[in-house]
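**Student:** Next up is a structure, given as structure tokens.
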Amino acid sequence: MYLFDANCAVGPWPTDRPAYETADELSSVMERLGIERALVSHTLGQTYDPPQANQILMDEIAGHERLLPCWTLLPLSCGEMGTLETLLERMAGSGVRAVRFYPRDHQYELDEWQCGELLDGLSERRYVVLLDVDQTNWGEIERVCRTYPGLSLVLTQTGYRQMRRLMALMARYPNVYCDLSAFCVFLGVEEVLERFGSRRLLFGTGLPLRDPGGPIARVSYVRAAEADVKAIAHGTLEWMLGRVRLQKESA
């Protein structure tokens, strides 16, 4: 099966947790697990300094065609990311089509008054945005979905305790997706497929902090048509990344 991991990371971790500090280490693990490609962020983007982490990530994955960059962003208010225009230019020049936010860890909200300009710019270009549900709250997630419909919002760290909220959100907003890294729900994949189709779930492992066996099993043994399995395994993520507009459309 062709697996495209939507959610993994490279880099050190400040506590005694598993980590792949180099792209070579991550690639070796992917080879063993049968994962063909991966969307990769850098751990220092969560634990230290996102702008520096993004540059380290680009240097680390250079020459690794199987690894695609996922940058970690901050609000524009303090100037670390530069202006919106310069940030979007840097991401376009680096081929970045996906980004992450860690509002809880970096002490901000995804509300309009802090992140409106940035989210508007990302929404206009249809960026893929990964967000751990424990980094914010469901009211804030709902506002992002409603206010910025151009985003492809991929929720991670979703499990059986979030199913009622997740299903309500998916029913209302077509730009909400979920990865399988923590989706430990009995027949949960089948339920999402039945209600919303195959283009709402993405294969993602959460490597190295999560065990990849669960997501691999969920996509390998799901009771679904082959076309649906392929969409979860790689097709939907490829479609989402392909619709990102790296350059602003001419007026």
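The values are calculated or read from the model by the stated rules, or taken from the named source; none is laboratory data. Predicted model only: the values in this text are computed from it and were never measured. Every residue, glycine as well, gets a Cβ built from its backbone with ideal geometry; the counts of neighbours run over all protein chains shown.
**Student:** Taking the condition of being within 21 Å of GLY242 (Cα to Cα) and either out of contact with any Gly (no Cβ under 6 Å at 6 or more places or on another chain) or part of a loop (DSSP other than H, G, I, E, B) (or both), how many residues in the range 64-84 meet it?
**Tutor:** 9
Residue-by-condition table, conditions (1) out of contact with any Asp or Glu (no Cβ under 9 Å at 6 or more places or on another chain); (2) of a type in the set (A, V, I, L, M); (3) in contact (Cβ under 8 Å) with a residue 60 or more places away in the chain:
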site	(1), (2), (3)
LEU187	yes, yes, no
GLU194	yes, no, no
SER198	no, no, no
PRO215	no, no, no
SER220	yes, no, yes
ALA227	yes, yes, no
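**Student:** Being crowded, with 20+ Cβ neighbours inside 10 Å, under 20 Å from ARG172 (Cα atoms) and in contact (Cβ under 8 Å) with a residue 40 or more places away in the chain narrows it down to one of LEU88, LEU67, LEU130, LEU110, so name that one.
**Tutor:** The conditions single out LEU130.
**Student:** Condition test on TYR102, is it under 23 Å from GLU238 (Cα atoms) and crowded, with 18+ Cβ neighbours inside 10 Å?
**Tutor:** Spelling it out, it is not the case that TYR102 is under 23 Å from GLU238 (Cα atoms) and crowded, with 18+ Cβ neighbours inside 10 Å.
**Student:** Sticking with this one: Would you mind finding the one in GLU117, GLU112, GLU89 that is farther than 23 Å from GLY139 by Cβ and of a type in the set (D, E, K, R)?
**Tutor:** Every option except GLU89 fails the conditions.
**Student:** Evaluate the range 115-123: report whether one residue or more is hydroxyl-bearing (Ser, Thr, Tyr), out of contact with any strand residue (DSSP E or B) (no Cβ under 7 Å at 6 or more places or on another chain) and crowded, with 20+ Cβ neighbours inside 10 Å.
**Tutor:** No, the conditions are met nowhere in the range 115-123.
**Student:** Please pick out the residue among ALA171, ALA233, ALA217, ALA182 that is of a type in the set (A, V, I, L, M, F, W, C), surrounded by 16 or more Cβ atoms within 10 Å (Cβ to Cβ) and assigned to a helix (DSSP H, G or I).
**Tutor:** Testing whether each residue is of a type in the set (A, V, I, L, M, F, W, C), surrounded by 16 or more Cβ atoms within 10 Å (Cβ to Cβ) and assigned to a helix (DSSP H, G or I) leaves just ALA233.
**Student:** Oh, and also: Only one of these is touching a Phe, Trp or Tyr at 6+ places or on another chain (Cβ under 8 Å), surrounded by fewer than 18 Cβ atoms within 10 Å (Cβ to Cβ) and of a type in the set (Asp, Glu): GLU36, GLU21. Name it.
**Tutor:** GLU36
**Student:** Quick check on ALA6: is it small (Gly, Ala, Ser), buried (at least 19 other Cβ atoms within 10 Å of the Cβ), in contact with a Gly (Cβ under 6 Å, 6 or more places away or on another chain) and within 18 Å of LEU130 (Cβ to Cβ)?
**Tutor:** Taking the combined requirement at face value, the residue satisfies it.
**Student:** Which condition number does TYR20 fail, the rest of (1) under 28 Å from ALA231 (Cα atoms); (2) at pLDDT 95 or above being met?
**Tutor:** Just one mismatch for TYR20, condition (2).
**Student:** Related question: Would you be able to tell me the number of residues in the range 123-149 that are within 21 Å of SER41 (Cβ to Cβ) and in a loop (DSSP other than H, G, I, E, B)?
**Tutor:** Count: 5.
Yes/no per residue for (1) touching a Lys or Arg at 6+ places or on another chain (Cβ under 8 Å); (2) at pLDDT 95 or above; (3) more than 28 Å from THR22 (Cα to Cα):
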site	(1), (2), (3)
GLY197	no, no, yes
PHE203	no, yes, no
LEU207	no, no, no
GLY214	no, no, no
VAL229	no, yes, yes
THR236	yes, yes, no
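**Student:** I'm trying to understand the selection: among the residues of the range 185-214, which are surrounded by fewer than 19 Cβ atoms within 10 Å (Cβ to Cβ), in a loop (DSSP other than H, G, I, E, B) and within 19 Å of the chain's Cα centre (by Cα)?
**Tutor:** Those that are surrounded by fewer than 19 Cβ atoms within 10 Å (Cβ to Cβ), in a loop (DSSP other than H, G, I, E, B) and within 19 Å of the chain's Cα centre (by Cα): LEU209, ARG210, ASP211.
**Student:** Consider MET58 carefully, then state whether it is outside any strand (DSSP E or B), in contact (Cβ under 8 Å) with a residue 12 or more places away in the chain and touching a Ser or Thr at 6+ places or on another chain (Cβ under 6 Å).
**Tutor:** yes
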